[in-house]
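The values are calculated or read from the model by the stated rules, or taken from the named source; none is laboratory data. None of the values given here were measured: they were computed from a predicted structure. Note that each Cβ is placed from the backbone with ideal geometry, even for glycine, and that neighbours are counted across all protein chains shown. When the accessible area is computed, the model is the full protein with side chains, heavy atoms only, and any ligands, DNA or RNA have been set aside. Shrake-Rupley method; radii C 1.70, N 1.55, O 1.52, S 1.80 Å.
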Amino acid sequence: RPQGHPRPPDSRLTERIRPPHCHPAPPIGASGPPSAQPTPAPGVMRGCIASAGRLRGPAAAAAPARVTAAAHSARRGMASPPGSLGEDFAAAMAARRSPRSFDPSAEMPRDTVTALLRTMQRAPSSFNAQPYVCIVVRGDRRAAVAKAMLGANASRVRDASATFVFAADLQPTLLTPRLLEIEREAGAPEQYLSQLPAMISLFGSSSVLASTIKSTVSHLASPLLPMPALSAPAHSWSSKNAALAAQLLMDAAASRGWATAPMEGYDERRMHAAVGLPTERYGLVMVVAVGRPGDGEEGRAPKPRYGLGEVAFDGEYGVGWAEAAAAAEPDEPGEEGV
């Protein structure tokens with residue numbers, strides 16, 4: 001850009017933080033496209049949200065500027081300014097918990113489901129392979145899925161407004177032709193595209209022989225140069241991608257005021273049959289129920305967590321992370337003067 005001209009916003013960052021469709025959210029239970037819904041008065045727009053948190057009142061009016069500011073702060077590694085999307089996100093996550101029950105009378109508009117799925121798709125994905133699928137279960141289909149759940153999880157699925165079944169692709173190399181197509185349409189360089197099939201095969205091959213060879217090569221070469229762990233099967237690689245997508249969907253739901261409950265208690269064979277998943281192609285990762293909290297859930301506090309220094313370490317294992325920096329440690333760059 002010409003010298004002296006301001007730097008344009010980084011569209012990649014603002015796209016991550018800002019949802020694909022930023023419009024006033026319809027009232028709970030409303031249906032129809034956003035254009036057909038009444039627009040709230042200025043300052044009361046509550047649909048312009050990201051997976052970072054729900055905006056209310058005057059905060060919504062300043063959403064575009066705050067989104068851009070948050071994007072540039074993220075690029076510079078700055079802490080979020082007070083009242084920012086970062087703080088909204090932290091507050092939403094601090095209040096998030098998995099309810100034991102859901103309100104069976106609460107309905108989730110289809111537009112809301114679509115918005116959650118669009119945000120889910122922005123989850124990081126290795127080589128952009130997106131080796132997972134998500135089946136949305138609503139209405140009468142809930143009963144069949146509930147029968148595949150274990151214990152109290154069955155009632156969660158029956159009463160939830162929507163349930164999302166995440167499955168990992170066990171044959172992610174089959175995605176390569178489609179991936180090349182969308183990457184080429186997006187303008188990816190041909191040199192990168194020529195290497196992409198080999199990279200997907202490296203991490204996503206389901207062959208036992210190929211996995212053994214790759215693991216041996218990785219082990220022998222590791223003392224000489226950094227090597228990825230290639231011993232895990234395709235299920236492990238794809239499951240990591242699917243778990244990132246599931247987490248982002250839960251964050252997006254929480255930012256809109258919906259409760260979420262991730263579950264692993266299910267009969268895998270029955271679940272495959274209930275949602276029509278081919279067993280040779282997909283392996284289940286988790287089931288996420290989304291809805292409004294049921295009776296008795298109001299006022300329940302989030303579960304306690306270990307001390308921060310018990311799970312987070314500073315530089316090396318065993319050195320617990322201290323929330324406050326030591327007195328002798330120089331202050332990190334803050335927001336003053338920026």
Amide H partners (placed H, <5 Å) of L170, local residues excluded: Y282, G283
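If DNA, RNA and ligands are ignored and the probe is 1.4 Å, what is the ranking of T260, T279 by accessible area, most exposed first?
On the way: T260 0, T279 90 Å².
From most accessible down to least: T279, T260.
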Rounded to whole Hz, the Karplus (6.51, -1.76, 1.60) HN-Hα couplings of the stretch 181-195, x for glycine and proline: 5, 6, 5, 5, 5, 7, x, 5, x, 4, 4, 5, 4, 5, 8
Extreme residue, positive dipole direction of the stretch 147-200, given options L175, A154, G187 (C-beta unit charges): A154
Whole-Hz couplings from phi, Karplus 6.51/-1.76/1.60, listed for the stretch 248-255; x for Gly and Pro: 5, 4, 5, 4, 5, 5, 4, 5
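Using the Kirkwood radius over Cα pairs, work out the Stokes-Einstein diffusion coefficient for the stretch 229-315 at 25 °C and 0.890 mPa s, in µm²/s as a whole number.
Values: Rh = 16.2 Å.
This corresponds to a translational diffusion coefficient of 152 µm²/s.
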